[in-house]
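Asker: Below is the structure I would like to discuss, written out as structure tokens.
The values are calculated or read from the model by the stated rules, or taken from the named source; none is laboratory data. None of these values were measured; they are calculated from a predicted model. Cβ coordinates were reconstructed from backbone atoms using ideal geometry, including for glycine residues, and neighbour counts include every protein chain displayed. All accessible areas refer to the heavy atoms of the entire protein, side chains included, with ligands and DNA or RNA removed. Shrake-Rupley method; radii C 1.70, N 1.55, O 1.52, S 1.80 Å.
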Amino acid sequence: MRIKFSEKINKIIKNLALEAKNFGVKIYFVGGLARDVLMGINPCDIDILVEGNAIDFVKSLNFAQIKSQHLDFGTIKAQIEGIDIDFASTRVEIYPFPGCLPKVQKIGCNIKDDLIRRDFTINSVALEITPDLDFKIIDPYFGQKDIKERTLKVLHDKSYIDDPTRILRGLDFKLRFKGFDFSENDKKLIKNSLKTPNREHLSKDRVILTLNKLFSDKSRAEKAFCEFVDKEYYKILFDYFPASKSNIKKAFRIFTPENTAQVYVKYILQIGQNPSGEALKAQMSNSRLEIYKHFKNLPQEDICLYYALTLDKKALLYQRELKDIKLNIAGRDLLALGFSKGRIIGEILDKVLRKKLAKNSTIITFEDEIDYVRKTFIP
Ligand code: CTP
């Protein structure tokens, strides 16, 4: 098969294929890149799998600038003609405990043994890179058939137990690629794996990373969250999960934070660990100045999260009435009016701000503020 790359990429890949031939290794596109190409989606990043040791291969190239390498995983990042390319060695991995990060058992295995360690059949197709750029499809686990049938299928029955984040990755693919769904067998495997989740060795970092990816696209995040709750995927992390879909939806509508994923992930972790929203309420009086000062320096994501967790009306008041209020005057303006340096400056600025924050305040412009200072603080 042919792949539509730019002339520059074609040239780099062709060179790499020639070098690989001389070096005595085969090189491939795999995982997301191969899947996207087979689905007619243009690939963004270039990752190359070396059937053998990728580090030795890349180090043998005189046109590659090495950026970083991980000896334990046999991976290496290099820049070729200004383009970053990740190279990985074929490897066999094992999961010593359910949910933990996999351990590399062998670097430089054959391609088939590398493909079987992967999450879904749709990600287990390899495209062999040859100098004629006529990519040969290696598909021992029938990934092409599943791409055609839009089915998400793991490669063995223990896959979701070994790595529960694959449930979330599957959900991400399902929402990302129209018409995709888990196979009937996978639905059963997921249900079973969630019945007796083994969290003792669970890599929380990987769960958080995967959740961040799942919620990173704003157009899919709400759907992803609903499925996460309805299908009880939270059982990867918690038995009990008192999340409110309507509260978080309302919070997003009102606070419109930029980083959707951050709010969802923090919400999941907090509500799972601390089911009572009441306990999370911040201690503060009804003073508008106090409310303003409490929220002023918080990122919008944190205010949105706080509201979703607590439904505290003070966060609403801040958002709707106080958020955009700012003092126009500064200390130097008070010095120019004749006040002397010291605590008094801060105290007066605070008093002007309190006045500005009052309901239906008539102090709006710089002149209003100066006027107020003159009338109130200058005898
Ligand atoms: N992988 C896996 N299990 C995981 C994470 C990743 O088996 N928990 C494998 C998959 O085969 C995947 C490859 O590692 O194709 C690369 O992972 P990643 O870069 O995270 O995702 P892609 O599948 O490449 O997809 P995309 O970047 O398009 O989301």
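Asker: For the range 108-134, name all the residues that are within 16 Å of the ligand (Cβ to nearest atom) and either closer than 16 Å to V25 by Cα or of a type in the set (S, T, N, Q) (or both). Lay out the reasoning, then the answer.
Answerer: Step one: of the range 108-134, the residues within 16 Å of the ligand (Cβ to nearest atom) are 109, 111-127.
If the condition is that a residue be within 16 Å of the ligand (Cβ to nearest atom) and either closer than 16 Å to V25 by Cα or of a type in the set (S, T, N, Q) (or both), then C109, I111, K112, D113, D114, T121, N123, S124, A126, L127 are the ones that fit.
Asker: Let me ask something additional. R2 is checked against (1) within 16 Å of the ligand (Cβ to nearest atom); (2) surrounded by fewer than 19 Cβ atoms within 10 Å (Cβ to Cβ); (3) in contact (Cβ under 8 Å) with a residue 60 or more places away in the chain; (4) of a type outside the set (G, A, S) and fails just one. What number does that condition carry?
Answerer: R2 satisfies all of (1) within 16 Å of the ligand (Cβ to nearest atom); (2) surrounded by fewer than 19 Cβ atoms within 10 Å (Cβ to Cβ); (3) in contact (Cβ under 8 Å) with a residue 60 or more places away in the chain; (4) of a type outside the set (G, A, S) except (1).
Asker: Also, quick follow-up: Please go through the range 210-256 and give me each residue that is outside any helix (DSSP H, G or I) and within 16 Å of the ligand (Cβ to nearest atom), ordered by number. Walk me through it before giving the result.
Answerer: Taking the range 210-256 as the starting set, the residues that turn out to be outside any helix (DSSP H, G or I) are 215-217, 231-232, 237-244, 256.
Matches in the range 210-256: F215, S216, D217, L237.
Asker: Pairs needed: first member in the range 35-54, free of Cβ contacts under 8 Å to residues at least 60 places away in the same chain; second member anywhere, near the ligand (Cβ under 10 Å from one of its atoms) and in a loop (DSSP other than H, G, I, E, B); C-beta distance under 7 Å; at least 6 residues apart or different chains.
Answerer: Close Cβ pairs satisfying both conditions: D36/P43.
Asker: Here's something else I'd like to know. Out of the range 272-308, which residues are within 22 Å of D217 (Cα to Cα) and not hydroxyl-bearing (S, T, Y)?
Answerer: Of the range 272-308, the ones within 22 Å of D217 (Cα to Cα) are 299-308.
Listed by number, the residues that qualify are P299, Q300, E301, D302, I303, C304, L305, A308.
Asker: Condition (residue is within 13 Å of the ligand (Cβ to nearest atom), under 25 Å from the mean Cα position of the chain (by Cα), over 25 Å from K67 (Cα atoms) and open to solvent by 40 Å² or more (accessible area, probe 1.4 Å)) applied to the range 148-160: is it met by at least one residue?
Answerer: Yes, the range 148-160 has at least one match.
Asker: Would you point out the residue of the range 18-37, among those that are more than 12 Å from the ligand (Cβ to nearest atom) and buried (at least 19 other Cβ atoms within 10 Å of the Cβ), that is nearest to Q144 (Cα to Cα)?
Answerer: Only one residue fits best here, namely Y28.
Asker: Just to be sure, is F377 surrounded by 14 or more Cβ atoms within 10 Å (Cβ to Cβ) and modelled with pLDDT under 95? Spell out the reasoning first.
Answerer: Working: surrounded by 14 or more Cβ atoms within 10 Å (Cβ to Cβ): yes; modelled with pLDDT under 95: yes.
Yes; evaluated as a whole, the condition is true for this residue.
Asker: Is it fair to say E321 is part of a helix (DSSP H, G or I), open to solvent by 20 Å² or more (accessible area, probe 1.4 Å), closer than 25 Å to K218 by Cβ and in contact with a Lys or Arg (Cβ under 9 Å, 6 or more places away or on another chain)? Explain how you work it out, then say what you get.
Answerer: Working: part of a helix (DSSP H, G or I): yes; open to solvent by 20 Å² or more (accessible area, probe 1.4 Å): yes; closer than 25 Å to K218 by Cβ: no; in contact with a Lys or Arg (Cβ under 9 Å, 6 or more places away or on another chain): yes.
Answer is no for this residue.
Asker: Still on this model: Search the range 117-134 for residues that are under 14 Å from L33 (Cα atoms) and pair each with any residue that is aromatic (F, W, Y) and away from the ligand (no atom under 16 Å from the Cβ) when their beta-carbon atoms are under 6 Å apart and the residues are at least 6 apart or on different chains.
Answerer: If the second residue must be aromatic (F, W, Y) and away from the ligand (no atom under 16 Å from the Cβ), the pairs left are L127/F135.
Asker: Oh, and also: Only one of these conditions is not met by S68: (1) assigned to a strand (DSSP E or B); (2) of a type in the set (S, T, Y); (3) surrounded by 13 or more Cβ atoms within 10 Å (Cβ to Cβ). Which number is it?
Answerer: Evaluating S68 over (1) assigned to a strand (DSSP E or B); (2) of a type in the set (S, T, Y); (3) surrounded by 13 or more Cβ atoms within 10 Å (Cβ to Cβ) leaves (3) as the failure.
Asker: Among the candidates G74, G99, single out the residue that is open to solvent by less than 70 Å² (accessible area, probe 1.4 Å), without any contact (Cβ under 8 Å) to a residue 40 or more places away in the chain and of a type in the set (G, A, S).
Answerer: Working: G99 fails: without any contact (Cβ under 8 Å) to a residue 40 or more places away in the chain.
Answer to the check: G74.
Asker: Collect the residues in the range 168-205 that are more than 30 Å from G40 (Cβ to Cβ) and either without any contact (Cβ under 8 Å) to a residue 24 or more places away in the chain or assigned to a helix (DSSP H, G or I) (or both), keeping them in residue-number order. Break it down into steps so the answer makes sense when it comes.
Answerer: As a first pass, look at the range 168-205 and keep what is more than 30 Å from G40 (Cβ to Cβ): 188, 191-205.
Across the range 168-205, the qualifying residues are K188, K191, N192, S193, L194, K195, T196, K204, D205.
Asker: Taking S183 and the conditions (1) within 13 Å of the ligand (Cβ to nearest atom); (2) farther than 19 Å from G32 by Cα, which numbered condition does it fall short on, given that it satisfies the others?
Answerer: So S183 meets the others, but not (1).
Asker: Here's something else I'd like to know. Criterion first (within 14 Å of the ligand (Cβ to nearest atom) and among the hydrophobic types (A, V, I, L, M, F, W, C)) does I137 satisfy it? Steps first, answer last, please.
Answerer: Values: within 14 Å of the ligand (Cβ to nearest atom): no; among the hydrophobic types (A, V, I, L, M, F, W, C): yes.
No.
Asker: Within the range 329-354, which residues are open to solvent by 80 Å² or more (accessible area, probe 1.4 Å) and within 42 Å of the chain's Cα centre (by Cα)?
Answerer: R354
Asker: Just to be sure I understand the filter: pairs with C-beta atoms under 6 Å, separated by 6 or more residues or on different chains, first member in the range 354-378 and in the same structural domain as G338 (by TED's automatic domain parsing), second member among the basic types (K, R) and open to solvent by less than 60 Å² (accessible area, probe 1.4 Å). Which pairs pass?
Answerer: Note: pairs meeting the criteria are L357/R288; I363/K356.
Asker: Restricting the range 119-139 to residues that are out of contact with any strand residue (DSSP E or B) (no Cβ under 9 Å at 6 or more places or on another chain) and assigned to a loop (DSSP other than H, G, I, E, B), which is nearest to K178 (Cα to Cα)?
Answerer: Our first condition is that a residue be out of contact with any strand residue (DSSP E or B) (no Cβ under 9 Å at 6 or more places or on another chain); within the range 119-139, this holds for 123-124, 131-134.
Of the ones still in play, those that are also assigned to a loop (DSSP other than H, G, I, E, B) are 124, 131-134.
Working: S124: 20, P131: 34, D132: 33, L133: 29, D134: 28 Å.
Per the stated criteria, the residue is S124.
Asker: Right, another one. Could you tell me which numbered condition D132 fails, if it satisfies all but one of (1) closer than 22 Å to K174 by Cβ; (2) assigned by TED's automatic domain parsing to the domain that holds D72; (3) open to solvent by 20 Å² or more (accessible area, probe 1.4 Å)?
Answerer: In the conditions (1) closer than 22 Å to K174 by Cβ; (2) assigned by TED's automatic domain parsing to the domain that holds D72; (3) open to solvent by 20 Å² or more (accessible area, probe 1.4 Å), D132 misses (1) alone.
Asker: Would you tally the residues in the range 39-54 being away from the ligand (no atom under 12 Å from the Cβ) and either under 17 Å from I138 (Cβ atoms) or open to solvent by less than 10 Å² (accessible area, probe 1.4 Å) (or both)?
Answerer: Final tally of qualifying residues: 5.
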